[in-house]
1. What is the Rg over Rh value, at two decimals, for the stretch A:148-255, using alpha-carbon atoms and the Kirkwood definition of Rh?
2. With the cut-off at 19 Å, tell me which of the pairs A:LYS118/A:LYS245; A:LYS66/A:LYS168; A:LYS163/A:LYS280; B:LYS58/B:LYS130; A:LYS280/B:LYS97 have Cα atoms farther apart than that.
3. Pull up all non-local amide H partners of A:TYR27: gap of 5 or more, or a different chain, and H-to-H distance under 5 Å with H placed in the peptide plane.
4. For the stretch A:39-120, which GluC sites (Glu not before Pro) are both in a DSSP coil and crowded by at most 14 other Cβ atoms within 10 Å?
5. Among A:VAL191, A:VAL79, A:VAL89, which one shows the highest mean-square fluctuation when chain A is modelled as a Gaussian network with alpha-carbon springs under 10 Å?
6. Applying the Karplus parametrisation 6.51 cos²θ - 1.76 cosθ + 1.60 with θ = phi - 60° to the phi angles of the stretch B:59-71, what ³J(HN,Hα) value in whole Hz is obtained for each residue in order, glycine and proline being reported as x?
7. Please work out the Cα center distance from the stretch A:206-264 to the stretch A:108-166, rounded to the nearest Å.
8. Counting trypsin sites (Lys or Arg not before Pro) as exposed when in a DSSP loop with at most 14 other beta carbons within 10 Å, what is the longest stretch of chain A free of them?
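Any read-out appearing in this document is the output of simple, stated calculations on the displayed coordinates, not a laboratory observation. Quantities reported herein were computed from a predicted structural model and do not represent experimental measurements. FYI the Cβ positions are ideal-geometry reconstructions off the backbone, even for glycines, and counts take in every protein chain you see.
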Amino acid sequence: MQELTAQLREKAKELLDAKTVDLVIGYGPTGDNGEMTAVFARKPEDVEKLGLNGQCFRNLAVYLNKPEVRKQGKPAIVVKGCDRRALNVLIRERRLAREDLHIIGVNCDGVGEPLMGKCKFCSVHNPEECDDVLGDQIEMPAEDGQFDDVGEMEQLSGDERWKFWSEKLGECIRCYACRQVCPMCYCKRCVVEKNIPQWVETSPHLRGNLSWNVIRAFHLTGRCIGCGECERVCPMAIPIGLINKKLTKLVKEEFQFAAGMTDDEKGPFSTFDLDIDTDKGIL
Amino acid sequence: MESTQQVESTSAAPEEWSPSIVAFLCNWCSYAGADLAGMSRFKYPANIRIVKVPCSGKVDPMFVLKAFESGADLVLVSGCHPGDCHYATGNYHARRKLPTFRTLLEFVGIDPRRFQISWVSAAEGAKWAKMVADITELAEELGPFEYFDRLSDKRKNRQCRN
């Protein structure tokens, strides 16, 4: 890891010195506990703030949506395999152009201690199509059972599921941290902020909470790359990632689609396929 | 406090419950189909409230949630048969989007039968009448949709329903 940090600093310095990019978005330790947060290196001397270790949870792709970051010029961004998928989705949705980005991929063998759940099932340890890649190739087969937790939930009866979700979602305080941290939630005006008519009730009450969490997940159908940031930042520890995961599973089974694998794919709702779509369940 | 009790005690015996159904019909096929049912004097239950939309592909899942929040016991979305869409592909998109949304509702514990999707063409007045009778019967069988209702006091305020 020490070695990777040195490599990253060297690379960032090289890019900033040559003015290939105006800004390097990476990770760096901050605060008393050295938590790895986003670091924006604008000058060659800033690169000393950059770092890499097994605690780089964040999906930095979210910053590429922010106008205040965009106006600073061409960015270089440090991505893990999962974050690279997020970039693919942003590129296919025309939020970004590939040529306006310098991508520094990091081969990642999982983050967290113990390993985060998503990392066990990860199939993209080595990010593809990057301008630079740091670290050695990682051979780490994905474990089976990615959707076991979704399956368990599906086994329950409808009333049990309702009980589970009404308890969990009842705790939501509507801080919208899940939205803010999500690289795909880039609408300038989110549906919860539309108030003529008021689509989603804004007070932290189960009725609005249910609508919010359902519609948030639905808007990410076929777009969510499963970085799990929404769940990680949730201050009430609501397993909202599970709803997204259910939709990921459904999209995989029904439409044979996984988000963010290439940057010219079409999302499941922006296309249709007469060969596989059926009238199942339609009167 | 006293006065509210008085109001409750003096109000008439609770109305007999009958289901509210909200239907989003596409302008070109299903709405015309429902029109045809009327012109042909087919009888069907009057529990259904129709909202005309340009296309079944226009139906945002938010409409469905909002209908449930406002006290619907069952929501129906109806459009043209595949291949007949006035806008060529709207119902193909609906056919992906809406069943996915139904699965999502089911996942959070809402009975998927409360959200129905159908294809009714402008010539299918008889199908429309029969389907509305069927889903009204289904809604009666499922009973009042209390999940959302329990969360609000709207049911109390809806004195004049049906």
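1. Ratio of gyration radius to Kirkwood radius for the stretch A:148-255: 0.95.
2. Too far apart for the 19 Å limit: A:LYS66/A:LYS168; A:LYS163/A:LYS280; B:LYS58/B:LYS130.
3. Long-range HN contacts for A:TYR27: A:VAL39, A:GLY51.
4. Answer by residue number: A:GLU93.
5. Ranking A:VAL191, A:VAL79, A:VAL89 by mean-square fluctuation puts A:VAL191 first.
6. 5, 7, x, 4, 4, 5, 4, 5, 5, 5, 4, 8, x
7. Here the two parts' Cα centres lie 13 Å apart.
8. Here the longest run is A:95-187.
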